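Structure first, commentary second.
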């Protein structure tokens, strides 16, 4: 099966264009996280992947959980996703949509993965340096991955900076193989 991001990208781009054309960014900022959360709920995932549950029932339950929090456009997206058996990629649609919106507003979202928790000051220092390097406003999200051993990995759009010990060891291993 194709990568979830490959499948989700056209839907996210269509939603972004729709939001841009109709000025409904706020509505999508509320609907997409809701829809993504519902589709990725463990119980809903089991229901959606159960071949014994009729498609109509899956759609009905999804809409009941969402309640009145989905507008007409979000409901049409849901119809399309159910018709194409793509409801499972809602989290990726949401993520790609957010990246498109941020890019249009001159923002970049950076994910900083460190071997240990970073202080707010360290995160701000990294954000400031990235803003200077990229020439855009940067929002940061911090994660901890102890398998990095030390250092950090920064992902900001297409930019990846691997300053981790694990990454350095992998580079050394690759050089020794060559």
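Scanning region 92-110 for residues that are under 13 Å from residue 25 (Cβ atoms) and touching a helix residue (DSSP H, G or I) at 6+ places or on another chain (Cβ under 6 Å) gives 97, 100.
Filtering region 139-156 to residues that are within 30 Å of residue 100 (Cβ to Cβ), outside any strand (DSSP E or B) and either at pLDDT 85 or above or not assigned by TED's automatic domain parsing to the domain that holds residue 128 (or both) leaves only 145.
Checked against (1) closer than 26 Å to residue 167 by Cα; (2) under 21 Å from the mean Cα position of the chain (by Cα); (3) not in a strand (DSSP E or B), residue 116 passes all but a single condition, namely (2). Taking the conditions exactly as written (in contact with a helix residue (DSSP H, G or I) (Cβ under 8 Å, 6 or more places away or on another chain), at pLDDT below 95, surrounded by fewer than 17 Cβ atoms within 10 Å (Cβ to Cβ) and not assigned by TED's automatic domain parsing to the domain that holds residue 126), does residue 78 satisfy them or not? Spelling it out, it is not the case that residue 78 is in contact with a helix residue (DSSP H, G or I) (Cβ under 8 Å, 6 or more places away or on another chain), at pLDDT below 95, surrounded by fewer than 17 Cβ atoms within 10 Å (Cβ to Cβ) and not assigned by TED's automatic domain parsing to the domain that holds residue 126. Summed over region 100-113, residues that are outside any helix (DSSP H, G or I), over 14 Å from the mean Cα position of the chain (by Cα) and modelled with pLDDT under 90 total 3.
Every residue, every condition in (1) at pLDDT 90 or above; (2) under 27 Å from residue 101 (Cβ atoms), yes or no:
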{"position": "123", "(1), (2)": "yes, yes"}
{"position": "132", "(1), (2)": "yes, yes"}
{"position": "137", "(1), (2)": "no, yes"}
{"position": "158", "(1), (2)": "no, yes"}
{"position": "164", "(1), (2)": "no, no"}
{"position": "169", "(1), (2)": "no, no"}
{"position": "174", "(1), (2)": "no, no"}
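One residue alone among 68, 64 is in the same structural domain as residue 45 (by TED's automatic domain parsing), over 23 Å from residue 6 (Cβ atoms), part of a helix (DSSP H, G or I) and at pLDDT below 90, and that residue is 68.
The values are calculated or read from the model by the stated rules, or taken from the named source; none is laboratory data. What you see is a predicted model, and the numbers here were worked out from it, not measured in a lab. Glycine gets a Cβ as well: all are built from the backbone with ideal geometry, and neighbour counts include every protein chain shown.
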